[in-house]
Amino acid sequence: MFSNLSAGALGLSLDHTTAIELAATHGFGGVDPDLGHLRGLGSEAAAAEHGAAVRERGLEWGMAGLPIGLDAPAAEFREALVELPEALALLRAAGVTRVGTWIRPMHEELDHRQNWRLHLGRLSLVAEILDDAGLRLGLEYIGPKTLWSTERFPFVHSLREARELIAETGAGNVGLILDSYHWYTAGEGAADLAGLTDAEIISVDINDARSDRERDEQQDLDRRLPYDTGVIDLEGFMGAVHAAGYGGPVKVEPFLAELAEQPVDEVLADISRRLDRAIG
């Protein structure tokens, strides 16, 4: 596995070129691709040249965001579906192999069964299009009770449910985005990760949690940097990721606004050290 710089996940407003330079400078193994930047290059050939230049810097691609919302209104979903092949062609040309999205863990109108059927149908369709482009899709379940309990019908918010949804699609290119924060807030432990394989994991995020809140009081967008509080068992989490034989990107996604107020080189040096510790 490799340490991955995801500037957006850190709350840093870095343009793509700067992010690449800083990732190489601070010893990251990879950097997230930027679909907007690839589109601005104007062609698949230019995207391929860009991907080659990134690899020449000793960097691998992390994960791109899926440019379509699985729970979007029908008309919006259809429109995005039409535009999806063009976006995937650019990502493929650049050498990107992973895209990801999150599962909204509740709904005000659709009950669990209705929402499951919606996601299953859309996931199966999107996965087939991605597979044709040689891309894998990561799904992130969202664990905090303070989020999934805010609307009438809770939806997928645990590892077990996410794996069941993925299995039901029958798609071989769909897997998990494992986030230590969601794993912790879902009440899961290392035993729940036992038996996972590299093929089932698309990307990994690590974070810590506030020490002054109980698990069910934790807020999705109020996290701590890895190893800051020790609330989350990162040794157990990463031990299971190692045992799975995972070889992909690992990033930090803390949603800490104060990071953007600090010197960027200091922030990235610190994040790089924390990732190196996690990866071992």
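The numbers here are math on the coordinates, done by the rules we state, and not lab data. Model, not experiment: these values are computed from the prediction. As a convention, Cβ positions derive from the backbone with ideal geometry for all residues, glycine included, and neighbour counts pool all protein chains shown.
Structure notes:
- Packing-based ranking, highest mean first, of 2-10, 169-177 given that Cβ atoms within 10 Å are counted: 2-10, 169-177
- Low-density loop cleavage sites - GluC sites (Glu not before Pro) in the range 176-253, where at most 14 other Cβ are within 10 Å (DSSP): E214
- Percentage relative contact order, the chain, counting C-alpha pairs under 8 Å, at least six apart: 21 percent
- The mean of 1/r over all distinct Cα pairs in the range 186-280, once inverted, gives the Kirkwood hydrodynamic radius of 14.4 Å.
- Put in line by how crowded their Cβ is, counting other Cβ atoms within 10 Å and starting with the fewest, T229, T185, T97 read T229, T97, T185.
- Taking amide hydrogens as placed 1.01 Å from N in the peptide plane, the amide H of G100 sits under 5 Å from those of A64, G65, L66, G138, each at least 5 positions away in sequence or on another chain.
- For the chain, the Cβ-based charge dipole about the Cα centre amounts to some 420 debye (Lys, Arg positive; Asp, Glu negative; other atoms uncharged).
- Neighbours of G100, meaning other residues whose beta-carbon lies under 13 angstrom from its beta-carbon, give a summed charge of -2 when Lys and Arg score +1 and Asp and Glu score -1.
- Around L225: net Lys/Arg minus Asp/Glu count, Cβ-Cβ under 9 Å: 0
- Dividing the convex hull volume of the alpha carbon atoms of the chain by its residue count gives 122 Å³ per residue.
- Between Q114 and S43, residue separation times 0.36 nm minus the direct Cα-Cα distance comes to 21.5 nm.
- Each helix, a run of at least 4 DSSP H residues, gives -39500 (n - 2.57); summed and divided by the residues of the chain, these come to -13500 deg cm²/dmol at 222 nm.
- Within the chain, longest stretch free of exposed trypsin sites (Lys or Arg not before Pro) [DSSP loop, at most 14 other beta carbons within 10 Å]: 58-151
- Axial C-alpha extent at least 27 Å, average Kyte-Doolittle at least -1.0 - helices from the chain (DSSP): 74-94, 112-132
- Neighbours of A80, meaning other residues whose beta-carbon lies under 13 angstrom from its beta-carbon, give a summed charge of -3 when Lys and Arg score +1 and Asp and Glu score -1.
- When the Cα positions of P249, P144, A133 are compared along the charge dipole of the chain, A133 comes out farthest toward the positive end, with charges on each C-beta of Lys, Arg, Asp and Glu.
- Convex hull volume per residue in cubic angstrom - Cα atoms of the range 130-242: 112 Å³
- Note on the chain: GNM, Cα springs under 10 Å; of I232, I68, I142, the largest mean-square fluctuation is that of I68.
- The loop-placed GluC sites (Glu not before Pro) in the range 21-120, going by DSSP, that have at most 14 neighbouring Cβ atoms within 10 Å of their Cβ come out as E108, E109.
- Note on S211/H242: beta-carbon distance plugged into 1/(1 + (r/R0)^6) with R0 of 22 Å gives a FRET efficiency of 0.30.
- Amide H within-cut-off set for V231, under 5 Å, with H built and near neighbours excluded: A209
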